[in-house]
Amino acid sequence: MSKDWQYRQLYERGISMLPRDEDARLDARLLLEEVCGTNLQTLLVYPEKEVPVAQAEQYLSMVRRRAAGEPTAYILGRTEFMGLPFSVNSDVLIPEQDTEVLVETAVELGSRLLKDQQSRSSLRNTDREGGSVQGQSKSTDTFSSIGQTDQLNKAEGTSVFRVLDMCTGSGCILLSVLHYLRAAFPGADIQGTGCDLSSKALAVAKKNAENLGLRGCTAFLQGDLFAALDNCRGGKENIAAVDSRPSFITNENALQQADAGPAEYRFDMVVSNPPYIATDVINTLPAEVRCAEPHMALDGGADGLSFYRRLAQGIPKIAVQNGIIIVEIGYDQGESVPAILRNAGYRDIRLIRDYGGRDRVVTARTPVQV
């Protein structure tokens, strides 16, 4: 390559190198804009803009990677989810638009819980001041009741709303929920904990929390599901020792509420997009998913349901009374996952479809704790 290219000419060249599918034109444009620091307006208004040889070579190299099956988001090192920017690489799944249904549901239910929590706090303050409330009525909403003593910060007498994300990956679900809840309730103390088996995934999640200005209210713990919480048992005394392991990533301020580690308090809401692809189905997935994305984040065991069974058994031990669980499911798991929760004693189970009309999210309240 010895001469400069014109912008549209180079763009068309990129398209010709990619598989003929509906994403080819978009992928070619996004990669070109990344290299040249341009946007769609350049293609429309300045199609004859010259692109230096060095930039053209860089662009065509990126197109070759895309043609070989590497996802565009990995090549760019970022993607957008819920209107927010997230760093991604081959250590984490690329967040899909369908998962936004889970986040929207969590924000909706979390908002109801926070309003109820604030109402309870206001009533407690009134009681302390010797006041009384006439005609008080209980909310009849399915998800309006939350545990009363579990989420009290005993040191200050204020409520803390805690969200746990199991199999957090890039952190996109947890951080999106925190971003929108904290924006809607600026005075509330909303904390998030993300758990994952992969230390590399947690490094991505930590970076995303920093980029979104949420490190002060998040903790990221490594371990196999609930074992990640057990790693912090014992409060501040054990945090330093555990944190010295390179694979463990945490934020002490977010973990410590009234000198309690995460194993010593309970969560108001648990969200999860766990691995749910049956093992023998993974090899049938599109090449860019099968070959590029981490199998650990895909493989849900022989029937794709192993993580749901483990979550169903473990969540009551770390959730508040009437806590909320919200999980993403596969399109064909709309009967099996609710059945698992029902058999484990969960209540008010609800199935939600995605924008394409497929079963996508299940919500439920935790079993009654005796």
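The values are calculated or read from the model by the stated rules, or taken from the named source; none is laboratory data. Given the structure is predicted, the values throughout are model-derived calculations rather than measurements. Quick reminder, even Gly has a Cβ in these numbers, built from the backbone with ideal geometry, and neighbours come from all protein chains shown.
Residue by residue, here is whether (1) modelled with pLDDT under 95; (2) touching a strand residue (DSSP E or B) at 6+ places or on another chain (Cβ under 7 Å); (3) among the small types (Gly, Ala, Ser); (4) surrounded by 17 or more Cβ atoms within 10 Å (Cβ to Cβ) holds:
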residue	(1), (2), (3), (4)
304	yes, yes, yes, yes
307	yes, no, no, yes
320	yes, yes, no, yes
324	no, yes, no, yes
329	no, yes, no, yes
332	yes, no, no, no
337	no, yes, no, yes
345	no, no, yes, no
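Residue-wise test of (1) crowded, with 17+ Cβ neighbours inside 10 Å; (2) within 13 Å of residue 27 (Cα to Cα); (3) touching a residue at least 24 places away in the same chain (Cβ under 8 Å).
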site: 48; (1), (2), (3): no, no, yes
site: 55; (1), (2), (3): yes, no, no
site: 59; (1), (2), (3): yes, yes, yes
site: 64; (1), (2), (3): no, yes, yes
site: 73; (1), (2), (3): yes, yes, no
site: 82; (1), (2), (3): yes, no, yes
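Do we have residue 151 as in the same structural domain as residue 272 (by TED's automatic domain parsing), at pLDDT below 90 and under 28 Å from residue 348 (Cα atoms) here? Yes, satisfied. Output the number of residues of region 1-22 satisfying the condition of being within 18 Å of residue 74 (Cα to Cα) and either surrounded by 15 or more Cβ atoms within 10 Å (Cβ to Cβ) or without any contact (Cβ under 8 Å) to a residue 12 or more places away in the chain (or both). Counting residues in region 1-22 that are within 18 Å of residue 74 (Cα to Cα) and either surrounded by 15 or more Cβ atoms within 10 Å (Cβ to Cβ) or without any contact (Cβ under 8 Å) to a residue 12 or more places away in the chain (or both) gives 2. The set of residues in region 347-366 being of a type outside the set (Gly, Ala, Ser) and crowded, with 18+ Cβ neighbours inside 10 Å consists of 354, 359, 360, 361, 362, 363, 365, 366.
The rows are residues; the columns are (1) surrounded by fewer than 20 Cβ atoms within 10 Å (Cβ to Cβ); (2) over 18 Å from residue 95 (Cα atoms).
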{"site": "171", "(1), (2)": "no, no"}
{"site": "181", "(1), (2)": "no, yes"}
{"site": "196", "(1), (2)": "no, no"}
{"site": "201", "(1), (2)": "no, no"}
{"site": "208", "(1), (2)": "no, no"}
{"site": "212", "(1), (2)": "yes, no"}
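Checked against the criterion of being at pLDDT below 95, outside the structural domain of residue 183 (by TED's automatic domain parsing) and polar (S, T, N, Q), the candidates 90, 61 yield just one match: 90. Annotation note: Cβ proximity below 8 Å between a residue of region 314-326 that is assigned by TED's automatic domain parsing to the domain that holds residue 162 and under 15 Å from residue 174 (Cβ atoms) and a residue that is β-branched (Val, Ile, Thr) and not in a strand (DSSP E or B) (sequence gap 6+ or interchain) occurs for 324/366; 325/315; 325/366; 326/105.
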